[in-house]
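Trainee: Handing you this structure, nothing more for now.
The values are calculated or read from the model by the stated rules, or taken from the named source; none is laboratory data. This structure is a prediction, so every number in the text was calculated from the model and none was measured. Note that each Cβ is placed from the backbone with ideal geometry, even for glycine, and that neighbours are counted across all protein chains shown. Just the protein is used for accessible areas: all its heavy atoms, side chains included, with ligands, DNA and RNA removed. Shrake-Rupley method; radii C 1.70, N 1.55, O 1.52, S 1.80 Å.
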Amino acid sequence: MVTLRALRPDDARALTRVYSGASIRHTTGRPLTLDQAHEKIRAALARAAEAPRAQWSWGILTAHEMTGLISLRRRTPTMGTISYILREDTWGHGYATQAVHRVVSVAFTTAGLNRLEAMHHPGNPASGRVLAKAGFTRIGTSDRQTDNGAVPYELYALEHEIRCPHGG
């Protein structure tokens, strides 16, 4: 069972564990330092206070321990993106899928979005399976610049069907 909660200042050490080892292979490739973790938390707390709100970040907790991070970013008034990372020792238990399902619900209800996008590194097919289980459909690729040049990330989308009250 997964719980999502807002980040807290005392989450910095847990965040450094999340952003380490194999979990960062397809991100920066560099572990997060404690100072960087504190800054990431400060920035998330500042964005949480903005109005209108453009970004939400939650710690992913399993058994009251932070094992990941998931974020929702508003890119346009009606479209947002989801990103997530889990500590490698928690992979394969469905935690990311549960977290994505919860954030999709927030995006389509609280945030008022009607389209979500997410992408993953082509070397991380497990992340694509997470997105597919949450209802996303692969729609193509999107090149991302890395230290080694452009990488064609797998791009996924999920549309929220807004039902017209008059049957239309």
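Trainee: Given the conditions (1) surrounded by fewer than 20 Cβ atoms within 10 Å (Cβ to Cβ); (2) touching a strand residue (DSSP E or B) at 6+ places or on another chain (Cβ under 8 Å), which single one is not true for M66?
Mentor: M66 satisfies every listed condition except (1).
Every residue, every condition in (1) outside any strand (DSSP E or B); (2) basic (K, R); (3) over 25 Å from Q98 (Cβ atoms), yes or no:
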{"position": "P122", "(1), (2), (3)": "yes, no, no"}
{"position": "R129", "(1), (2), (3)": "yes, yes, no"}
{"position": "G135", "(1), (2), (3)": "yes, no, no"}
{"position": "G140", "(1), (2), (3)": "no, no, yes"}
{"position": "R144", "(1), (2), (3)": "no, yes, yes"}
{"position": "L155", "(1), (2), (3)": "no, no, no"}
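Trainee: Here are the criteria: (1) farther than 20 Å from Y153 by Cβ; (2) touching a residue at least 12 places away in the same chain (Cβ under 8 Å); (3) surrounded by fewer than 19 Cβ atoms within 10 Å (Cβ to Cβ). Tell me which single one N124 does not satisfy.
Mentor: (1)
Trainee: Inspect all residues belonging to the range 86-95 and state whether any of them is surrounded by 14 or more Cβ atoms within 10 Å (Cβ to Cβ), assigned to a strand (DSSP E or B) and touching a residue at least 40 places away in the same chain (Cβ under 8 Å).
Mentor: Checked against the condition, which is being surrounded by 14 or more Cβ atoms within 10 Å (Cβ to Cβ), assigned to a strand (DSSP E or B) and touching a residue at least 40 places away in the same chain (Cβ under 8 Å), the range 86-95 yields at least one hit.
Trainee: Here's a follow-up. Just to be sure, is R115 under 21 Å from W58 (Cα atoms), surrounded by 13 or more Cβ atoms within 10 Å (Cβ to Cβ), among the basic types (K, R) and touching a residue at least 24 places away in the same chain (Cβ under 8 Å)?
Mentor: Judged against the criteria, R115 is a match.
Trainee: Just one of (1) in a helix (DSSP H, G or I); (2) closer than 25 Å to A107 by Cα; (3) touching a Gly at 6+ places or on another chain (Cβ under 8 Å); (4) not β-branched (V, I, T) trips up L4, so point out which.
Mentor: (1) is the only condition that L4 fails.
Trainee: Scan (1) surrounded by 13 or more Cβ atoms within 10 Å (Cβ to Cβ); (2) of a type outside the set (G, A, S); (3) touching a Leu at 6+ places or on another chain (Cβ under 9 Å) for the single condition R5 breaks and write down its number.
Mentor: Only one criterion is unmet by R5, namely (1).
Trainee: In the range 135-164, what residues are out of contact with any strand residue (DSSP E or B) (no Cβ under 7 Å at 6 or more places or on another chain) and open to solvent by less than 30 Å² (accessible area, probe 1.4 Å)?
Mentor: Hit for the range 135-164 is G149, nothing else.
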